[in-house]
1. Please calculate how many Å² of accessible area the stretch 155-206 carries per residue, with a 1.4 Å probe and no DNA, RNA or ligand atoms counted.
2. Using a 1.4 Å probe on the protein heavy atoms only, what accessible surface does Glu139 show? Give it in Å² to the nearest 10.
3. From the phi angles alone, apply the Karplus equation (6.51, -1.76, 1.60; θ = phi - 60°) to the stretch 186-199 and give each ³J(HN,Hα) in whole Hz, x where the residue is Gly or Pro.
4. Using alpha-carbon positions, what is the distance between the centroids of the stretch 79-141 and the stretch 148-162, in Å?
5. Which residue, Ser90, Met104, His159, has the largest displacement toward the positive end of the dipole of the stretch 72-223 when charges sit on each Cβ (Lys, Arg +1; Asp, Glu -1)?
6. First measure r as the distance between the Cβ atoms of Val150 and Ser209, then evaluate 1/(1 + (r/R0)^6) with R0 = 22 Å and state the FRET efficiency to the nearest 0.05.
7. Kindly report, to the nearest 10 Å², the accessible surface of Asp222 as traced by a 1.4 Å probe over protein heavy atoms only.
8. Quote the accessible area belonging to His159 in square angstrom, nearest 10, computed with a 1.4 Å probe and with ligands, DNA and RNA left uncounted.
Amino acid sequence: MMQSGWVEIFFLAMLAGFIGLRLYHVLGRRTGHEKPVADPYRPAGPDALRPAGRSRSEAESPIAIDLPADIAPDVRPGLELIARADRNFSPERFVAGAQGAYAMVLESFWKGDAEQLADLVSDEMLDNFRAAIAARKAEGERVENRLLQVDRAQIVGAHMNGAMAEVTVRFDAEIVTVTRDAEGRVIAGDPAKSVETHDLWTFSRHTASADPAWLLVATDEDE
């Protein structure tokens with residue numbers, strides 16, 4: 001486990017779905033779109049979003065939160081709700097950690113490392129990854145993709161679902177995509193060219209949990 005401030009969120013994003021139709025060639029196999037994890041501990045009534053141990057006045061007190069410059073106005077209220085439920089939440093640190101998780105999930109899937117993915121994604125998504133990896137192996141295919149760079153990571157959605165915090169990040173990245181068959185022939189992508197990807201990943205965390213880790217619970221593509 002890393003020790004610096006941002007690593008709190010880097011590891012935050014490590015327990016983490018995956019890219020849809022357009023990333024079929026990017027990832028080598030479509031994994032589908034999963035719904036965010038439901039909150040099994042969601043309390044009822046007007047105090048549902050109140051952090052444990054706080055009075056109504058404390059829970060509704062103003063929140064001082066530093067937001068990245070690219071946050072849209074309609075996203076701010078959701079981030080403030082999350083910060084109210086988790087006073088250690090920092091959007092900037094979260095984005096840094098989410099970007100690290102983005103690279104780790106991609107690389108683990110490309111390598112077919114289901115064991116590593118088990119520490120990065122939700123159980124439902126892990127099942128999809130394992131199925132995709134197994135199908136790839138059964139066809140004798142291998143993926144030689146490379147993440148060249150993440151051009152931008154931006155929070156585009158945030159809300160509370162009971163005690164569950166959910167944050168969606170858009171990643172704009174450049175990836176070299178190459179899929180080879182059993183004979184080593186390129187059947188998808190081009191090792192000499194990169195493609196631009198625009199992906200939406202949603203992370204979720206139970207704010208009442210002592211575990212600071214976030215789950216990657218859903219992915220989609222964006223225009």
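1. Numbers: 1870 Å² over 52 residues.
I get 36 Å² per residue for this part.
2. 100
3. For the stretch 186-199, the Karplus curve yields 6, 10, 7, x, 8, x, 9, 10, 10, 10, 8, 10, 9, 10 Hz.
4. About 13 Å separates the Cα centre of the stretch 79-141 from the one of the stretch 148-162.
5. Of the listed residues, the answer is Ser90.
6. On the way: r = 28 Å, r/R0 = 1.26.
The pair Val150/Ser209 has a calculated efficiency of 0.20.
7. 50
8. We get 80 Å² for His159.
The values are calculated or read from the model by the stated rules, or taken from the named source; none is laboratory data. Given the structure is predicted, the values throughout are model-derived calculations rather than measurements. Glycine gets a Cβ as well: all are built from the backbone with ideal geometry, and neighbour counts include every protein chain shown. We work out accessible area using only protein heavy atoms, side chains counted, and drop any ligands, DNA or RNA first. Shrake-Rupley method; radii C 1.70, N 1.55, O 1.52, S 1.80 Å.
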